[in-house]
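The values are calculated or read from the model by the stated rules, or taken from the named source; none is laboratory data. Quantities reported herein were computed from a predicted structural model and do not represent experimental measurements. No Cβ is skipped: glycine too gets one built from the backbone with ideal geometry, and neighbour counts run over all protein chains shown.
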Amino acid sequence: MKTGSPDDVALILSILLPCALLAQTTPPRAEFETADIHASAPGTREGGGFLPEGRFECRGTTVLRLIATAYNVNTDRVVGGPDWLGSDRFDITAKAPPRRTAPAALQGMLQSLLADRFGLDVHKDQKDLPVYLLTVGKKGPKLRKAAASSAPECPSADGPPGMNHRACRAYSMPDLSRLLPQIAGTYVDRPVVDATGLDGRYDFRLDWVGKAGYLAAKANPEGPLPTSIFDALDKLGLKLEPGTHPEPVIVVDYVNRAPIEYAPPPGPTGFEVAEVRAGKPGAMPSLTARNGRLEILSFPLRKLIALAFELKDEMVTGGPKWLDADSFDVIAKSTEVMSPHAMAGMLKTLIVERFKLETHSEEQPAPVFALSLGKRAPKLNEAGGSDHSECRSSLGAAGITCTCRNTTMAQLAERLPDIAGAYIVHPMVDLTGLKGAYDFSLIWTPRARLADFASGRAETGVNLTVFEAIDQQLGLKLEEQKHPMPVIVIDRVERSLQE
């Protein structure tokens with residue numbers, strides 16, 4: 001072999017060494033071992049996330065929320081892209097390779113999955129986003145310096161009933177900026193940026209009434225006008241006003257609406273071991289699904305069928321009376337840990353085999369909650385911004401607050417059952433005929449707290465059901481009625497269990 005001159009060797013090394021170093025330092029692309037994505041069925045409730053053993057499972061989840069999860073940001077930090085990012089919903093079941101379960105690795109895998117299946121292309125940037133700016137008023141702050149030894153805290157305090165009270169000690173202005181959206185979310189529905197320029201820590205008190213009570217008092221010109229959170233801050237010589245501020249964001253440059261379909265590796269279509277037996281008389285119904293094991297005790301067969309078809313009970317019609325009277329136990333096991341969607345499919349196979357079940361689909365009048373126009377004009381503001389369509393909910397002293405941006409009534413009908421499931425126990429349909437997109441907020445009392453108001457135990461917050469809130473705050477009606485809906489009709493079923 002002929003040896004080159006020292007200059008030739010140096011030239012070759014100068015070319016090869018950077019490539020070798022790049023190959024050594026570039027980390028391998030993080031990818032899930034298996035992943036299945038498909039559009040969610042209508043009415044699918046949103047839920048899921050990263051689970052033990054390196055799994056990611058979600059149902060009824062928007063691409064907007066998937067991007068936020070993958071890049072560990074709030075959804076309002078994802079900008080750009082089409083409107084459907086916050087409306088179209090998908091189910092995802094994915095599993096990481098063995099021993100790759102660190103949170104950062106799983107987020108990287110979700111980023112790769114979105115890039116591969118949706119063609120997602122993003123970049124990081126800074127944008128002026130809507131915020132609330134906390135500033136000092138014209139007359140200067142009215143704050144008392146805290147003792148040097150005090151620990152920061154801001155607990156609830158005593159005060160006149162019907163109001164919220166906080167006694168803050170050793171609190172800085174950045175502390176207060178972070179606190180305000182948590183304690184006064186009905187007023188402060190965006191992040192707060194400290195622009196006071198005040199250093200140090202202070203002792204102060206905040207006393208205010210919830211937004212629902214404030215609006216009710218404002219509509220009554222003869223009564224006293226209570227204190228809003230803005231008024232409470234004004235008493236401290238501070239101002240809280242809408243504004244914009246540069247914030248780090250994830251910018252969506254490109255995304256496909258329909259994910260690229262890849263056939264997942266074939267998994268089990270049925271349980272490896274399964275027992276179906278008559279339930280014990282008087283036993284309480286229960287359901288447990290964990291580590292591939294499914295245990296359902298004392299369920300009527302109609303409820304089992306609804307569970308297998310992923311429907312509400314009333315969407316399974318027909319069949320003999322014993323479908324609702326007789327109870328059954330199902331105990332089944334699979335060596336693979338399956339997603340809820342896959343587990344439902346395996347349960348469906350089991351029920352069809354054991355009970356010789358035959359069904360067909362059709363539309364029939366079924367119980368729904370219908371959203372329609374009221375007697376008055378709707379109290380809705382046309383969406384004027386470029387926000388993604390989204391509804392956010394929070395639980396505070398005033399009750400449950402649902403803030404929706406750039407949202408149609410059809411989208412509200414799809415999302416509200418996720419948030420107000422204790423009230424909306426049937427599917428919700430939009431019959432308003434409204435085609436626009438709107439910005440609005442709803443505040444109502446959790447159903448479990450209604451008894452507190454009835455007994456006088458609740459002193460603060462609104463005392464409204466979600467139905468009353470929709471009537472009073474949106475000028476719309478939400479009422480139970482019958483409406484044509486797709487249902488499963490039972491054509492044949494055998495009572496004796498087939499082995």
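So if I check each of ALA366, ALA306, ALA344, ALA370, which one is under 30 Å from TYR187 (Cα atoms), of a type in the set (Gly, Ala, Ser), surrounded by 14 or more Cβ atoms within 10 Å (Cβ to Cβ) and within 28 Å of the chain's Cα centre (by Cα)?
ALA370
In segment 249-271, is there at least one residue being more than 30 Å from the chain's Cα centre (by Cα), at pLDDT 95 or above, at negative phi and among the hydrophobic types (A, V, I, L, M, F, W, C)?
no
Going through segment 151-194 one residue at a time, which ones are within 30 Å of CYS404 (Cβ to Cβ), at pLDDT 90 or above and among the small types (Gly, Ala, Ser)?
SER156, SER177
Find the strands (runs of 3 or more DSSP E) located wholly in segment 335-444 whose residues include 2 or more that are touching a residue at least 12 places away in the same chain (Cβ under 8 Å), in the same structural domain as ASP91 (by TED's automatic domain parsing) and at positive phi, and list them.
So the answer is none; nothing clears 2.
Across segment 344-364, what is the total count of residues that are in contact with a Lys or Arg (Cβ under 8 Å, 6 or more places away or on another chain) and farther than 19 Å from VAL273 by Cα?
Total satisfying the criteria: 2.
Quick one: what pairs do we get from segment 74-85, first residue within 18 Å of GLY384 (Cα to Cα), second in a strand (DSSP E or B) and among the aromatic types (Phe, Trp, Tyr), C-beta under 9 Å, 6+ apart or different chains?
Final answer for the pair search is GLY81/TYR254.
Quick one: in segment 311-326, of everything that is touching a strand residue (DSSP E or B) at 6+ places or on another chain (Cβ under 6 Å) and of a type in the set (A, V, I, L, M), which residue is surrounded by the fewest Cβ atoms within 10 Å (Cβ to Cβ)?
MET315
Quick check: is even one residue across segment 178-185 within 24 Å of GLN472 (Cβ to Cβ) and either buried (at least 21 other Cβ atoms within 10 Å of the Cβ) or more than 31 Å from the chain's Cα centre (by Cα) (or both)?
Yes - at least one qualifying residue is present in segment 178-185.
Right, LEU110: touching a helix residue (DSSP H, G or I) at 6+ places or on another chain (Cβ under 8 Å), of a type outside the set (Asp, Glu) and surrounded by 19 or more Cβ atoms within 10 Å (Cβ to Cβ) or not?
Here the answer is yes, as LEU110 does meet what is asked.
Does GLU31 qualify as being of a type in the set (D, E, K, R) and at pLDDT below 85?
no
Checking the structure you have, find out if any residue of segment 81-94 is basic (Lys, Arg), over 19 Å from the mean Cα position of the chain (by Cα) and surrounded by 14 or more Cβ atoms within 10 Å (Cβ to Cβ).
Scanning segment 81-94 turns up no residue that is basic (Lys, Arg), over 19 Å from the mean Cα position of the chain (by Cα) and surrounded by 14 or more Cβ atoms within 10 Å (Cβ to Cβ).
Is at least one residue of segment 195-206 of a type in the set (Phe, Trp, Tyr), in the same structural domain as LYS235 (by TED's automatic domain parsing) and modelled with pLDDT of 95 or more?
Yes.
Here is a list: ARG55, ARG89. Which entry is among the basic types (Lys, Arg) and either closer than 26 Å to ARG190 by Cα or touching a Pro at 6+ places or on another chain (Cβ under 9 Å) (or both)?
ARG89
For segment 272-293, how many residues are over 26 Å from the mean Cα position of the chain (by Cα) and of a type outside the set (Val, Ile, Thr)?
Residues flagged as over 26 Å from the mean Cα position of the chain (by Cα) and of a type outside the set (Val, Ile, Thr) within segment 272-293 amount to 13.
Starting from segment 40-53, keep only residues that are farther than 14 Å from ILE419 by Cβ, then list their pairs with residues that are surrounded by 15 or more Cβ atoms within 10 Å (Cβ to Cβ) and small (Gly, Ala, Ser) whose Cβ atoms are within a distance under 6 Å, requiring at least 6 positions of separation or different chains.
As it stands, the answer is SER40/GLY60; THR44/GLY60, since those pairs meet every condition given.
Taking only segment 60-69 into account, find how many residues are in contact with a helix residue (DSSP H, G or I) (Cβ under 8 Å, 6 or more places away or on another chain), under 17 Å from PHE32 (Cβ atoms) and surrounded by fewer than 23 Cβ atoms within 10 Å (Cβ to Cβ).
Within segment 60-69, residues that are in contact with a helix residue (DSSP H, G or I) (Cβ under 8 Å, 6 or more places away or on another chain), under 17 Å from PHE32 (Cβ atoms) and surrounded by fewer than 23 Cβ atoms within 10 Å (Cβ to Cβ) number 1.
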